[in-house]
Structure formats: C-alpha cells, structure tokens
Amino acid sequence: MKNNIDVSIIMGSDSDLPIMKDCAKFLDKMGISYEIKILSVHRTPEKATEYANNLKENNVKVIIAGAGGAAHLPGVFAAMVPTVPVIGVPIHTKTLGGVDSLYSIVQMPSGIPVATVAINGAKNAAILATSILAVGNDEIKNKLADFKNSLKDAVSNKDEKLQQVGLDNYLADMKGGI
C-alpha cells in the first residue's frame, strides 16, 4: 500500500469495476489521491484484515466500498477501521436489482455507520468523499465548488436551449436528430 492515500476504493469483485471506475474518474478530476483494490471479506478475510490494518497506519481519510448481494464489505471495514468514514456503494444484482445490496449496507447496527449512496452510485460516493476531504482543504473545497457550479450552469444552459428551440426540436436533438 502507498503512504498518504486520501481515499481507498475497495470492491468485492472485479465485476464491480465497471461501476466503481466512476469513483476513480471523479477523484482524478479533483486531484485526490486514491488506491483501488479488489478484496473479499468472504473469500480472502486475512487479506482484507491486513489491508484494513494498513489503512489505519497510512493516513487514509475515506473508504469507498462497493459491494453487491450480501454486501458485507462496507460494514466490515467500518468495524475494522472505526475512525475512518466509510461510504458504501450498493452494486446492482441480477436477482434483486441491488435492493439486497442497498439494505445490507444501509442497515448497519448502531455505532457502526456506513454512509450509503444509491445503487451503482459510485460517482456520488466520490463526490461525498470529496466533500469530506474539503472540510480541511481549501483547494479541494474550491474544486468541489467549481464542480457544483458547473452542474448549475448545465441546467441553466439546457433550459435556455429548450426555450430557444422548443420542445420537439430539443427532443429530436437529444435523440441525435438535429
């Protein structure tokens, strides 16, 4: 493990990578250091425990944990690294659509909280992690403010276009027609 990683992105399986890549992309955009790992608290509990112990020693400030199904990874890390905030990303599952993952992550016992985003909400997890890091860092705070302002600008620009071209032309343009 590298020293001084701000965010640890972990997931239970490589099948979670297509979702969890959105965390890494957003953190890259914000200039926030991270490490990304595939760990299983079920299949490789010793490796997961060793990694959790290293997080304590390496000044990691936030953990983002993506998991599907039983989704124990975020909760186990919240228990093993109790002074670092954990953000859980429930991953969509074929059987129950990710609701199983969501309930597993959000229903943690009292004293072991896991902040939880929407099913497949990896980008929001990275935005939340950025917000946590911004509390003590003006540079990150400014980058986050710029990002949030860009969201406002995008909505305003879309409305302006709608008013200019009208409903039918706007919809046709969305479908690639104009």
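A short reminder: the numbers here are calculations on the coordinates, not readings from a lab. Just so we're clear, the structure is a prediction, and the values are computed from it rather than from any experiment. A quick note on method: Cβ atoms are made from the backbone with ideal geometry, for glycine too, and the neighbour counts reach across all protein chains shown.
The table below gives the values:
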item	result
Label assignment, Rg/Rh (Cα atoms, Kirkwood Rh) derived from the structure, set [x] 1.10; [y] 1.07; [z] 1.00	[y]
Label-point separation, residue 112 to residue 25 (7 Å along Cα→Cβ), nm	3.3 nm
Alpha-carbon centroid distance for the pair the range 123-156 / the range 4-62, whole angstrom	20 Å
Loop trypsin sites (Lys or Arg not before Pro), the range 28-73, which have at most 10 other Cβ atoms in a 10 Å radius of their Cβ (DSSP)	43
Beta bridges per DSSP with both ends in the range 54-142, % antiparallel, nearest 5	0 percent
Backbone HN-Hα couplings from phi across the range 27-39 [Karplus 6.51/-1.76/1.60, Hz, Gly and Pro as x]	4, 4, 4, 8, x, 9, 6, 8, 10, 10, 9, 9, 9
Karplus (6.51, -1.76, 1.60) ³J(HN,Hα), θ = phi - 60°, over the range 47-57, in Hz, Gly and Pro reported as x	5, 5, 5, 4, 5, 4, 5, 5, 4, 4, 7
The chain, dipole about Cα centre (Lys/Arg Cβ +1, Asp/Glu Cβ -1), debye to the nearest 20	100 debye
Trypsin sites (Lys or Arg not before Pro) restricted to the range 141-178 and DSSP loop, no more than 14 other C-beta within 10 Å	175
Inter-label distance for residue 170 and residue 83, nm, one decimal - labels placed 7 Å from Cα along Cα-to-Cβ	5.1 nm
From phi via Karplus (6.51, -1.76, 1.60), per-residue ³J(HN,Hα) for the range 109-123 in Hz, x at Gly/Pro	x, 3, x, 10, x, 10, 5, 10, 9, 5, 4, 6, x, 4, 5
Long-range tail of P(r) for the range 10-88 (Cα pairs > 15 Å, %)	54 percent
Inter-label distance for residue 17 and residue 57, nm, one decimal - labels placed 7 Å from Cα along Cα-to-Cβ	2.8 nm
Percent RCO, i.e. relative contact order, over the chain, from Cα pairs under 8 Å lying at least 6 residues apart	20 percent
Value of Rg to Rh for the range 84-178 (Rh from inverse mean 1/r over Cα pairs, i.e. Kirkwood)	1.14
